[in-house]
């Protein structure tokens with residue numbers, strides 16, 4: 001594991017979205033269907049932005065998979081009554097942060113930071129959907145989470161491998177990834193704000 005990957009893991013711990021109140025309420029079964037629907041419309045922008053970032057990273061197979069996952073997200077959104085929505089300011093910030101990552105180490109650092117975090121987050125969401133919100137474990141509406149609970153382990157490892165051989169710019173890559181993790185947290189803040197207004 002490279003020094004950069006170790007630093008990225010420290011940043012992931014600082015911005016662990018499983019500690020965010022929205023995801024904690026999800027895990028405890030305290031959200032309403034309308035809450036999940038609003039969230040699904042906002043986080044869809046992040047799913048699309050991650051597909052764009054994977055394309056920028058230069059791995060065409062990864063980019064293809066991420067683009068296909070937008071449809072899986074849409075299955076979840078449909079199952080909870082969500083639909084595409086105009087992005088909130090916090091959602092726009094996340095999309096802009098992903099888009100600002102330069103190809104190479106910056107893109108790989110953001111991909112690693114986000115995707116290494118996804119397996120436990122996806123599993124927690126899946127468990128919550130099945131345990132509290134009436135979703136069947138093998139339904140189309142849960143496929144996105146089943147896939148990301150496993151596949152992102154591989155994607156994170158691939159990004160870490162590229163980072164281990166990257167030359168220079170590790171400070172910029174770390175800063176970009178930390179910005180993306182913070183923006184991912186703030187997207188959830190925006191959802192919470194919208195739900196309380």
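Any read-out appearing in this document is the output of simple, stated calculations on the displayed coordinates, not a laboratory observation. As the structure is a prediction and not an experimental result, all values here were calculated from the model. Cβ: placed from backbone, ideal geometry, glycine included. Neighbour counts: every protein chain shown.
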### Message
Need one number: nm distance between label points at residue 130 and residue 13, each 7 Å from Cα along Cα→Cβ, rounded to one decimal.
### Response
2.9
## Note on the structure
Checked segment 1-91 against the a/c 1.5 cut and the a/b vs b/c comparison, axes a ≥ b ≥ c from its Cα gyration tensor; verdict oblate
### Query
Between residue 83 and residue 64, what length in nm is gained on full extension when 0.36 nm per residue of separation is reduced by their alpha carbon distance?
4.6 nm
### Message
Taking the 0 to 90 degree range and rounding to the nearest ten, how far is the long axis of helix 105-132 tilted relative to the main principal axis of the chain, both from C-alpha atoms?
### Response
20
### Message
Output the 0 to 90 degree angle, nearest 10, between the alpha-carbon long axis of helix 143-164 and the longest principal axis computed from the alpha carbons of the chain.
### Response
10
### Task
Of all alpha-carbon pairs in segment 39-160, indicate the percentage at a distance above 26 angstrom.
17
#### Entry: Alpha-carbon centroids, segment 128-170 and segment 1-60: separation in whole Å
10
### Summary
Mean separation of Cα contacts under 8 Å (at least 6 apart) over the residue count of the chain, i.e. the relative contact order in percent, is 34
### Query
Under the rule of -39500 (n - 2.57) per DSSP H run of 4 or more residues, summed and divided by the residues of the chain, what mean residue ellipticity at 222 nm is obtained, to the nearest 500 deg cm²/dmol?
-26500 deg cm²/dmol
#### Entry: Selected from 139, 182, 78 as most flexible by GNM, with the chain as the system and alpha-carbon contacts under 10 Å
139
#### Entry: Approximate spin-label separation residue 189-residue 52, in nm, with each point projected 7 Å along Cα-to-Cβ
2.2
### Task
Mind pulling the angle between the C-alpha long axis of helix 3-14 and the longest principal axis of the chain? Nearest 10 degrees, somewhere in 0 to 90.
30
